[in-house]
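The values are calculated or read from the model by the stated rules, or taken from the named source; none is laboratory data. Bear in mind the structure is a predicted one, so any value in this text is a computation, not a measurement. Using ideal geometry, Cβ is built from the backbone for each residue, glycine included, and neighbour counts are taken over all protein chains shown. Heads up: the accessible areas ignore ligands, DNA and RNA and are worked out on the full protein's heavy atoms, side chains in. Shrake-Rupley method; radii C 1.70, N 1.55, O 1.52, S 1.80 Å.
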Amino acid sequence: MKTIDAKLAAELVKEGSEATHGRRMELRNERLHQLVNYAKAHSPYLNELYRGLPDDWQLSDLPVTEKGDLMEHYENWVTNPAIRLKDVESFCDRDSTDGSLFLDQYTVLHTSGTTGKPLYMVRDDHRNKIHGQLIAQRLLKGADPALMDHTKHKIAAVIYAVHGSSSYESFLRQQRSAPGFEDQMIAINIMESTDAIVEKLNEFQPEMVSAYGSVLLLLAQEKLKGNLNIPVKLFANSAEALSPENHKLVEETFGCMVKNNYCMTEGGEIAMTQDGPELLLNEDFIIIEPVDENKNPVNNKNDFSEGILVTDLTNFVQPIIRYYVSDVVRIEQIPDDQVRMPVLEIRGRTNSVFTLCNKTLSTSGITATAEFIEGLLDFQFTQIADDEIRVRGVTSKTFDHEKTMEHLAEELKKTLYKSGLPEAKVSYSLEPLIKKERGGKTPRYIDLR
């Protein structure tokens with residue numbers, strides 16, 4: 001297992017924060033070669049994939065990797081032969097909060113997975129300590145670090161609270177890190193009704209709240225209505241992008257700092273706010289390549305991409321190298337002598353709030369319903385009336401399209417019922433998904449009224 005001393009991890013992150021862009025590119029290249037050499041030596045799948053690389057290879061010489069291929073070769077992809085997929089799945093999905101590590105070495109979590117087969121990620125000590133320092137030094141820059149300490153302050157997380165989801169597993173790890181203080185933290189499932197979420201937050205009175213971007217907007221609306229009254233001093237957002245306008249709205253509504261983190265289960269902490277609402281790319285530890293529809297580099301650096309290739313330079317047990325994700329981004333071009341990190345703009349992963357049956361809901365709450373519908377490859381919720389949602393989707397060739405969509409509609413109806421909307425109507429359509437003009441992204445929610 002690749003490990004690193006905690007002090008050294010802190011020093012490396014500090015070095016990158018103080019270095020110029022040119023120096024960070026040098027560090028990035030050194031780390032990339034270390035990772036690829038390690039992968040070739042310890043991963044049978046990547047060793048075969050990289051066969052024939054020239055001695056003086058560059059990043060662009062490395063093949064693009066995708067989820068399906070990596071899952072197909074899972075046990076030859078990981079660099080520790082003791083890791084077996086069935087064991088990883090069993091460990092990750094167990095109903096336990098004992099704080100144990102997989103194989104006594106690794107943390108494990110999985111992607112949300114819209115195909116019924118999420119990607120299970122194993123993370124080593126080296127990866128966890130580096131990413132932990134990225135959060136501590138960069139994301140929380142300017143914030144009172146004590147607000148993250150649940151032995152001193154109450155912390156609430158409004159997230160998809162199921163075992164295996166990255167947000168919930170992170171919550172559980174922190175909660176059990178200080179025995180005797182577990183009651184200082186509370187996880188509230190986004191599948192609950194808005195009224196229930198507000199009631200629990202009012203009762204708990206947290207000083208720090210982590211939540212998805214659309215949930216923060218929902219909470220701001222409840223605050224403006226006079227329904228929510230909590231002594232929150234810091235908000236932490238992840239998984240969904242907050243626009244600068246919404247970032248400002250939440251900060252002004254609650255009178256506190258909002259920290260925004262663009263991250264993913266596979267690639268970790270990619271970009272984060274530091275001194276303001278802009279997302280700054282952690283370019284010394286994460287490589288993001290904006291690509292076109294053919295997965296080639298975008299011609300005009302000022303254009304938004306059609307997708308990205310992600311390389312996490314910190315995870316040696318399950319290497320993520322040029323891994324394709326359909327997020328649409330644009331990265332600021334900065335000179336080599338610039339010290340600050342480049343700004344990353346993202347279109348996609350941006351959820352919002354909507355009104356159904358005169359109740360305001362977070363789109364995160366309904367999209368979570370689709371995460372584990374077996375056979376569902378992509379999905380979309382369209383609002384066709386004040387009281388009706390119609391679902392659309394793409395299914396695997398081995399699944400009946402209509403039956404899958406009917407299943408999704410039934411599950412959404414149950415979710416809305418639990419959210420206090422028994423009168424809400426849910427139907428399904430076999431029509432194609434409605435795509436965005438730029439990037440071909442699938443908006444999860446579209447208002448068609």
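Provide the net charge surrounding Pro277, with neighbours chosen by a C-beta distance below 11 Å and charges set as Lys +1, Arg +1, Asp -1, Glu -1.
-2
Among Thr194, Tyr38, Ser305, which residue has its Cα furthest toward the positive end of the charge dipole of the chain, with +1 on Lys/Arg Cβ and -1 on Asp/Glu Cβ?
Thr194
Hey, what's the chain come to in accessible area per residue, 1.4 Å probe, Å²?
With all protein chains present, the chain gives 43 Å² per residue.
Answer rounded, prolate or oblate for the range 373-443, using the Cα gyration tensor with square roots of eigenvalues a ≥ b ≥ c: rounded when a/c is under 1.5, else prolate when a/b is larger than b/c, else oblate.
Oblate.
Quick check: from the Cα gyration tensor, does the range 1-54 come out rounded (a/c under 1.5), prolate or oblate?
The shape class here is oblate.
Would you work out the charge dipole size for the range 355-449 about its Cα centre, treating the Cβ of every Lys and Arg as +1 and the Cβ of every Asp and Glu as -1, and quote it to the nearest 20 debye?
Once rounded to the nearest 20, the dipole reads 320 debye.
Which percentage, to the nearest 5, of the DSSP beta bridges contained in the range 100-226 is antiparallel?
35
How much length, in nm to one decimal, is gained on full extension between Met71 and Lys152, taken as 0.36 nm per residue of separation minus their Cα-Cα distance?
25.0 nm
Return the loop-located trypsin sites (Lys or Arg not before Pro) in the range 285-355 (DSSP other than H, G, I, E, B) with at most 14 other Cβ atoms within 10 Å of their own Cβ; answer none if there are none.
Qualifying residues, ordered by number: Lys301, Arg340.
How far apart, in nanometres, would the label points at Ser429 and Lys295 be if each is projected 7 angstrom from Cα along the Cα-to-Cβ direction?
Between Ser429 and Lys295, the simple spin-label model gives 3.1 nm.
Which residue, Ser170, Met341, Met71, has the largest displacement toward the positive end of the dipole of the chain when charges sit on each Cβ (Lys, Arg +1; Asp, Glu -1)?
Ser170
Using +1 on the beta carbon of Lys and Arg, -1 on that of Asp and Glu, and nothing else charged, what's the dipole of the chain about the Cα centre, debye to 20?
360
Restricting to Cα pairs below 8 Å that are 6+ residues apart, what does the relative contact order work out to for the chain? Please round to a whole percent.
Across the chain, relative contact order equals 16 percent.
Figure the gain on full extension for Leu8 and Asp337 (residue separation times 0.36 nm, minus the Cα-Cα span) and round it to one decimal in nm.
115.9 nm
For the chain, build the charge dipole from Cβ charges (+1 Lys, Arg; -1 Asp, Glu) around the Cα centre, then report which of Gln58, Asn260, Ala156 sits farthest towards its positive end.
Of the candidates, Ala156 comes out farthest on the positive side.
Around Asn189, what is the net charge, scoring Lys/Arg as +1 and Asp/Glu as -1 over all other residues with Cβ under 11 Å from its Cβ?
Its environment carries a net charge of +1.
State the label only: which of (1) -1.01; (2) -0.91; (3) -1.15 corresponds to log10 I(q)/I(0) by the Debye sum over Cα atoms at q = 0.11 Å⁻¹ computed from the shown model?
Entry (2).
Rounded, prolate or oblate for the range 1-100? Axes are the square roots of the Cα gyration tensor eigenvalues, ordered a ≥ b ≥ c, and the cut-off for rounded is a/c under 1.5.
Judged from the Cα gyration tensor, the range 1-100 comes out oblate (a/c at least 1.5, b/c at or above a/b).
Suppose R0 equals 35 Å; then what is the FRET efficiency for Lys418 and Asp303 from their Cβ-Cβ distance, rounded to the nearest 0.05?
Taking R0 as 35 Å, the efficiency between Lys418 and Asp303 is 0.25.
A 24 angstrom limit on the alpha carbon distance is what I want to check against. Which of Lys7/Lys86; Lys152/Lys259; Lys225/Lys418 exceed it?
Violating the 24 Å limit, Cα to Cα: Lys7/Lys86.
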